[in-house]
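The block underneath contains the structure these notes are about, expressed in structure tokens.
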Amino acid sequence: MNGKIVFAAFLLGLIATPLCAQFVRLEVDQVKAHTEGELAGFNTYRVYAVLEEEGNVIDAVYGEKNAPLTISTTTSFYQHPRGGALSVDVQRYDMTVAPELVYDSWVTIGLEDNYMNTLSGFVMDFNEFETNGGSIQSNNGAWFVTPDKKQAEVGPSKRMLLMQLTSDGDISGVLNIHGRTLPITEDNAGKEVIEIKEEGLQFFAGAQ
């Protein structure tokens, strides 16, 4: 079953489910201020969603007609030749031989490289972002994992990594998240599962 069918299938299963307020906020961490080498003057940031409880799930970051997604910078995003727009494109071994790959710009749900990573894109055009370091925009797409995957669950920190961005400019974004209070597992069979859906979430990084 391809990614488009999987994504559509689990979303359809949640349409009638009531919403809850498990989302707390977005947080932006500065990972590194680069002062030398080809990245001198650049800053690397990570964006996290914070939820109420350990075990809550985020399975998609999306844009739609009435809630578009956009991530941009006043200059450009750093893109390493060995990297990719999705964290699943970053090979863990390559980071040991190409140190600056660690600061590549990508989007994700939970994981920072290819290991045990099932992340997929759904009707997302990352070409401008990956090829030219430009913006990500969507009014009909998402990056996602299916909600039975461990990487969709928030851990004890209650934070879910959504992206890493490296730029020498000011960064801003508006995004939407989809999730649920519990993952799909045998242990949770028969339990009430409530949809998590938050739209128009803004974040900023840099001098703004």
Using Cα springs under 10 Å in a Gaussian network model of the chain, which residue among ALA33, ALA189, ALA49 shows the largest mean-square fluctuation? ALA189
Under a crude label model (7 Å from the Cα following the beta-carbon direction), how far is ALA98 from LYS150 in nanometres? 2.8 nm
Rounded D (µm²/s) - the stretch 24-140, Kirkwood Rh over Cα pairs, Stokes-Einstein at 37 °C, 0.692 mPa s: 212 µm²/s
Provide, in order from the shortest bin, the percent of all Cα-Cα pairs of the stretch 91-208 in each 10 Å bin, continuing until the bin that contains the maximum pair distance. 11, 37, 36, 13, 3
Quick one: which of LYS65/LYS158; LYS150/LYS191; LYS149/LYS191; LYS32/LYS150; LYS158/LYS191 span more than 23 angstrom between C-alpha atoms? LYS65/LYS158; LYS32/LYS150
Expressed as a rounded percentage, what relative contact order does the chain have, with Cα pairs under 8 Å and six or more residues apart? 31 percent
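Between GLU128 and ASN188, take the C-beta separation as r, use R0 = 25 Å, and let me know the FRET efficiency to the nearest 0.05.
That pair, GLU128 with ASN188, gives E of 0.05.
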Binning every alpha carbon pair distance of the chain at 10 Å from zero, what are the percents per bin? 9, 36, 37, 15, 3, 0
For a label point 7 angstrom out from the Cα of VAL28 toward its Cβ, which stretches of the stretch 155-174 have the backbone nitrogen within less than 18 Å? 160-174
For TYR48, the net charge from surrounding residues (Cβ-Cβ under 11 Å; K, R +1; D, E -1) works out to +2
Degrees, to the nearest 10: 3-12 long Cα axis against longest axis of the chain: 40 degrees
Restricted to Cα positions, what overall size does the stretch 130-174 have along the principal axes? Three whole-Å values, descending. 34, 26, 19
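Coordinate-derived values only; no laboratory data. Because the structure is a prediction, the values reported are computed rather than measured. In this analysis, Cβ positions are derived from the backbone assuming ideal geometry, glycine residues included, and neighbour counts consider all displayed protein chains.
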